[in-house]
Amino acid sequence: MADSFDALAATSNAERTAVYKKAAWRLIPFLCLCLVAAYLDRVNVGFAKLQMANDLMFTDAIYGFGAGIFFIGYFIFEVPSNIILEKVGARMWIARIMITWGIISSAFMFTDDIYWGAIATWFNCTDAEFTFYVLRFLLGACEAGFFPGIILYLTYWFPGSRRTKVIAMFMTAIAISNVIGAPVSGAIMQYMQGMGGLRGWEWLFLLEGIPSVIVGLLVFVFLPDGPRHAEWLDEREKNFIIQQVQEDDAGKSELGKGHSLWDAFSDYRVWFLALVYFSGVICFYAINFWMPTIIQELGVDKKDFLKVGLLSMIPWGISAVVMVIWGAHSDKTGERRWHVACSLLLGVSGLIGLALVGHAPIPSMIALTLVASGTLSFVATFWSLPTAFLSGTAAAAGIAFVNSVGNLGGHFGPDLIGRIRTMSGGASEAAFLALAAIAVVGAVITIAIPNTQKKLN
């Protein structure tokens, strides 16, 4: 084994880079497919809202709270899920996650078909409202562990010096899911309304939940638990990747990291990074869940869901390109903190723009593009920070903790906009400014984390 590693280690940088490219091309496209399915099921409620809010008499506050309650379930089950993944293996656990969330996502078609009686009354909800809340919570619980699990999984394959670009490539799936999902969701609701006795939004949940189940089954076939189990790598390549990752983990000792569960929660940097991630995620999901509504209010015919979907492609398509370029630049320079902070500030500029331009179509689309580009670039570059000093069980727990706390922003962001819109008669400007202020705080905290910068520089 040592001879095999030494033979590869002695080769040129180009040959060693080829090994990582081989791994990336084998893993990233399939992982992107998984993430596309995840985000379709997570955010298609933003399009469904354009119909189901009227059908079920949901106010903006009800929709905002329901969209965000997903992240409560996500928060509760995130850390346990990631620890289980490390113990049982990525293939089995990611497959379980995807299959269960696909089933729950499709179940949203029954939102107004379940009778709760006194239970719903006790919570001061209609049956449909209560079902909406329950299913969103269960969807979050089922999906918990998927994204941090993938981030953890990528640390098995790529050392820190190559990780940001790989994560950015993986994260393009978020933009792709919106670029593809937006017009598809709009078309389903517009052209399948009433087909088979189902409303457009019911078809939307049914049809976009099924792919997750199918892809989840494919995980068993295409996703190895780690380099050692990859049949498409020869022994020399396996040993090289494993050795490189081990050396990367060993180098983290200079930052005082540990491998244990306690090391994750006793490190103050983990808590600060959780706050940073919260600040970015609250902006990302606020805009993601409300973008179809924002675009519709720019003067689009309220029944032209396809046009809303096509216009939604623009911010996400541009943001995908920006994110990959920004992630590659971070890897090239070796700098992380300022890349994360500047991404947040780019999103801030877009949020302020949305608050100032009113319903002017072109300026609003530019502002939405700035928010999408900034928040996506933030998510892609951010994960280089915790993975720079955590490994082993500490990485599994720490990454999951940061992601779970951060994703609580996914609850508060949409809920904040919904409540402000309800109180103000549909105006969102105050919410945009509040989100911008939160993102600024996140940027300041990012720059104030000294030891992470020392490692990366």
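FYI, it's all coordinate maths here, none of it is from the lab. The structure displayed is predicted, hence computed values, not measured ones. No Cβ is skipped: glycine too gets one built from the backbone with ideal geometry, and neighbour counts run over all protein chains shown.
Kindly write out, for region 362-377 in residue order, the coupling ³J(HN,Hα) from the Karplus curve 6.51 cos²θ - 1.76 cosθ + 1.60 (θ = phi - 60°), rounded to whole Hz, with x marking Gly and Pro.
5, x, 5, 5, 4, 5, 4, 5, 5, 5, 4, 5, x, 6, 5, 4
Highest mean first, how do 67-74, 176-183, 155-162, 295-302 rank when packing is the count of other Cβ atoms within 10 Å averaged over residues?
Ranking, from highest mean packing down: 67-74, 176-183, 155-162, 295-302.
Using 0.36 nm times the number of residues separating TRP122 and LEU218, minus their current alpha carbon distance, what extension gain do you get?
Separation in residues times 0.36 nm, less the Cα-Cα distance, equals 30.3 nm.
Stretched out fully, how many nm does the piece from ARG419 to ILE325 gain, at 0.36 nm a residue minus the Cα gap?
Length gained between ARG419 and ILE325: 30.2 nm.
Go through TRP338, VAL19, LEU50 and say which Cα lies farthest out towards the positive end of the charge dipole of the chain; charges sit on Cβ, +1 for Lys and Arg, -1 for Asp and Glu.
Checking the options against the dipole of the chain, the answer is TRP338.
Given R₀ = 25 Å, what would the calculated FRET efficiency be for ILE83 paired with ASP225, taking r from the Cβ atoms and rounding to 0.05?
Computed FRET efficiency for ILE83 and ASP225: 0.95.
Tally Lys/Arg at +1 and Asp/Glu at -1 over every other residue whose Cβ is under 12 Å from the Cβ of THR131; what's the total?
Once all neighbours under 12 Å are counted, the net charge is -3.
Find the centroid of the Cα atoms in region 273-304 and in region 155-173, then give the distance between the two in whole Å.
Value for the Cα centre distance between the two parts: 26 Å.
Return the FRET efficiency for the residue pair ALA448, PHE30: r is the Cβ-Cβ distance, R0 is 45 Å, and the value is rounded to the nearest 0.05.
0.75
In straight Cα distance, which aspartates and glutamates are under 20 Å from LYS21, not counting same-chain residues fewer than 8 positions off?
By straight Cα distance, LYS21 reaches ASP6, ASP225, GLU231, ASP234, GLU235, GLU237, GLU247, ASP248, ASP331.
Sort the following peptides by mean Cβ neighbour count (other Cβ atoms within 10 Å, averaged over residues), highest first: 38-48, 54-64.
Highest-to-lowest ranking by the protection proxy: 38-48, 54-64.
With 30 Å as the limit, write out which pairs from LYS22/LYS332; LYS238/LYS332; LYS22/LYS307 have Cα-Cα distances beyond it, or answer none.
LYS22/LYS307
Report the local net charge at CYS342: Lys and Arg +1, Asp and Glu -1, summed over other residues whose C-beta lies under 12 Å from its C-beta.
+1
Which order do the peptides 98-108, 118-128, 284-294 come out in when sorted by mean C-beta neighbours inside 10 angstrom, highest first?
Highest-to-lowest ranking by the protection proxy: 284-294, 98-108, 118-128.
Dipole magnitude of region 7-456 about its Cα centre, charges +1 at Lys/Arg Cβ and -1 at Asp/Glu Cβ only, in debye to the nearest 20?
Charge dipole of region 7-456: 940 debye, to the nearest 20.
Toward the positive end of the charge dipole of region 7-456, about the Cα centre and with charges on Cβ (Lys, Arg +1; Asp, Glu -1), which of ALA144, PHE108, LEU233 goes farthest?
Result: LEU233, furthest along the dipole toward the positive end.
So if R0 is 35 Å, what FRET efficiency would LEU310 and ASN54 give, r being the distance between their Cβ atoms, rounded to the nearest 0.05?
0.95
Within region 197-252, list the GluC sites (Glu not before Pro) lying in a DSSP loop whose Cβ has at most 16 other Cβ atoms in a 10 Å radius.
Passing both the DSSP loop test and the Cβ count: GLU231.
Note the full-extension length gain between GLU335 and ALA427 as 0.36 nm times their separation in residues minus their Cα-Cα distance, in nm to one decimal.
Between GLU335 and ALA427, full extension yields 29.2 nm more.
Can you give the net charge of the other residues whose Cβ lies under 13 Å from the Cβ of THR121, counting K and R as +1 and D and E as -1?
My count for the surroundings of THR121 gives -2.
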